[in-house]
Each structure stands twice: as C-alpha cells, then as structure tokens.
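All remarks here apply to the structure that follows.
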Amino acid sequence: MEELMLILEVIGGGRELASATDDIKKLRSGTSHSQSGKGAKSLGNDKKVPENLEENGYIFREMIIPTNAPKTTADHPGLAVLTSVPPIHTTGEKTDPNSHTVWITCAESKARYFAKGWPKPVPKIPNKVVVKETDDDMGLGVFATRDIKQFELVLVERPYLVYPKGIGAVSLTDKATRELTKSQYFQLGLIQAEKLLERVMKDWMTEEARKGYMELANSHKHDGSGPIDGILRTNGYAVMFGDKMHGFDEDFYRGYSAVSRIGSRLNHSCISNVSVGFDAATFTICFKAKRDIKAGSQIFTSYTQILQSKADRQAALAPYEITECKCRACVNATPQSDKLRQVCLKMIWNWRNQSMEVWPKDPKLNESVLTPLLEMKKRMEEEGLDDEKCGYPLLYQIMHRVYLQVHQFKFLRHKVLQFPSVSCHQ
C-alpha cells in the first residue's frame, strides 16, 4: 500500500513533489508490487501496458459518475464527479468575473461543500504583480509592481483546476494494483489521467481558460505524459482544505492539488519569497509574502524541499530542466550549510523542549543560554532558512520564554532580599 500511495502522488505530480525524481525512476524500473512476485500474475513485458484493460478488470468502465447519479459513491468505487466552483449556470448569465475552477472530486464532497453555501467571494486586493519576460533565461516570470511588506497578500486567485493528487488512478481497480508492475501501473495512470483531463478541457473549461492552461510550461514531454497531464504535473500545488472541510484531504487517498493561473508562472528559487496556501471558503490559492519584496523584484516559489541538501535540490530540479540554480543558497553552498539544513529543525525543537521543561526549573538561568540560539538564527537568515518549515519562528518563542523566565527570577531574588523569610522555591 505504501508503494501505491507513492505511485498515486507521482502520477498527480506538481511542484510539491519535485523531490520525487528518484522515486519516479524506481517506479519505472518494472518491479512488481508483490514481494518476490508472490501472488502476482505474470503479464509478459513488465513495462508495456496490457491490452483489453476493461475486459481484464484493470480499469472501471467509466471514470466519471454521470451528473444524475445519486450523491454517494458507494456504488461507484474509484470514480469521480466533475463540477465548477462557483457553479456554471445555463441561464445565459455572464461568467463570474473571479473565474471558475473545475473541480474533480467525489459526490459526497461536492454535496458537502455546496451545502455550506460556498464559495464565498474572492477577497479584493490591489493588483500587485505583472507577468513579463525575465532577463536571465527563465522565460516568463512574475514581478512585483509595488513594494510588498512581509506577511502581505501578494496574489489571490481561483485556479484553473483542482484535482486528486492521484488523478491517474481514479479509474484503476484493485486488481490493477495487485497484478500490474509498478512501471505498468505508472504508465497506465498517465494514460488514464490524460483521458480524464481531455474530457475536463473539452466539456468544462471555457475557451479562455483552455488557452491559458495550455500556454503554461510543460516539463514532462518525454516520460509518457500527455500534453495536458504534463502541464498539470509541472505546475500543480498541493492544496489543503483543513478543518474547514474535514476529511477532504483524505479524498482519493491523498487529497488534492491545483493548477494556478498567474501562480503557475512563478519561477523557482530555493529561497522563495512567498508562501502558498489554499482557502477552502473562497476556493482560492493565496500567495503571501514571506519577507519584504521590493517593487520590480521577481516573485519566486520553490520547486524543492527547503531542508534538502544542494545535491538533492539539484536532482529535484532536473525534471524542470533547471541545470543550475543561481540563488545564494546554491551559489554559496558548503558541506556546513548542508549540515545546517539537516540539523536546524531538530535542534530548535530540542531547545523548545528545554525552554518549557528544563530551564524554568533553573534559578540560575540567564540570557547566556540564548547564545547558541542567536547564532543559529543568524546562520539561518544567511541561508534563507528563516521559514516556518525550518522551525525559525520557534526561535522567537523560545527567546521570549527565556527572557520572561529570567526577569521573573530577578524579580523573585529582589523580593527575597526585601523579605528574607520568603523563599523563591515556595
């Protein structure tokens, strides 16, 4: 089952899975799901997708539940429904100015979402970005048109498409999981994903949306992906519905990803200057400034995992045909900086635990305990690791807790001098 989960995510692809390059190679190696071939049926060529898929029980007859089907998938295992957020009505009314998103979901989730009266209107913020050619061979990029402060919203938009991370496996049966090799399963998933996406493009996207989607970058032209799925795998962002819609993040095993509009034009830097989030109520992808951004500066996201070593980040960028990242984290990378990425989060959590459980019990506690934390803070800022995923905000919590504790001890010592009968240990 763990292998299946990985295959599902790789088929769905996207920027949140850029580090799966090595796993993709393993999946295409032709090894069977079963241990030592036990219980696996021999299918001849372990890389070629078998014929007569439906007759052999490897795919469902339909990938999508008919629109007049009941609001349960109990009788339609593995199948999806298509909808638009907000709904597209056939009464001749104009298209929503905030754009529609095509959502590939399941019947229960569709019913639960719209029962809340959602989506809410898209937040109105001033236009702060422009898409234009870069001057460093990156092609198109997104640039700030004004100064943007840390934590300020940079861009809010409804995406072209929200889809299951395992989109290619939506119509694959349990029998396919048991009997096909990983390579066959992967390739079949790509084929089925493209078929589903062709239907989405033809029946659910406006002409303007289709044109905009197909103009996005495609870094998966030579691995069996179709043109629509290749764009999806290149540009997908993971989205989390969270507590607002409990259980949605487990739909189709692994939840959802999305292909953004302007957001898909963001180029890569290992030191990104925006964070990416999803607001379920408005059905929007939200880009927020992680640090101050000057007008005219390019806005970057990261296609890699921030705590990876330089070598691992470079390997993760290979599918995007990025041979050399020019951010300062890569240009100035050393074995010491790789080690910092490996240990910083663990050390910060260790300090946090000490600040809560050990240091408060030490009456001799003083500010010198923060010396290694301040050094860590400085090094993380130099490396572009001043990020929530690295534990950086916890440093401020730890320092605040220590300063409060130290001043409390000083206050108690002062009271002891005034009132000798009072013990600070009472």
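Of the heavy-atom accessible surface of the range 155-211 (probe 1.4 angstrom), what whole percent is carbon and sulfur? In the range 155-211, the share of accessible area belonging to carbon and sulfur is 46 percent. Surface composition of the range 247-297: carbon and sulfur atoms hold 46% of the protein heavy-atom accessible area at a 1.4 Å probe. Here the range 91-175 is treated as an ellipsoid with the same Cα gyration tensor; its semi-axes, largest first and in whole Å, are 32, 22, 14.
Annotation: amide H of residue 81 within the under-5 Å range of 65, 105, 106, 107, sequence separation 5 or more or interchain, hydrogens built in the peptide plane. Averaged per residue, the range 197-341 has 44 square angstrom of accessible surface, using a 1.4 angstrom probe with ligands and nucleic acids left out. Taking the Kirkwood radius as Rh and the Cα radius of gyration as Rg, the range 108-235 has a ratio of Rg/Rh equal to 1.04.
With every protein chain in place and a 1.4 angstrom probe, the accessible-area ranking of 250, 157, largest first, reads 250, 157. Projected over every direction and averaged, the convex hull enclosing the alpha-carbon atoms of the range 366-412 yields 3.0 nm².
Output the pairs from 182/211; 221/389; 288/377; 132/377; 310/389 with a Cα-Cα distance over 29 Å in this structure; if there are none, say none. From 182/211; 221/389; 288/377; 132/377; 310/389, over 29 Å: 182/211; 221/389; 132/377.
Within the shell defined by Cβ-Cβ distances under 14 Å, the residues around residue 158 carry a net charge of -1, with Lys and Arg each +1 and Asp and Glu each -1.
The values are calculated or read from the model by the stated rules, or taken from the named source; none is laboratory data. Since the model is a prediction, treat every value here as computed from it, not as a measurement. Every residue, glycine as well, gets a Cβ built from its backbone with ideal geometry; the counts of neighbours run over all protein chains shown. Ligands, DNA and RNA are excluded from the accessible area calculation, which covers all protein heavy atoms including side chains. Shrake-Rupley method; radii C 1.70, N 1.55, O 1.52, S 1.80 Å.
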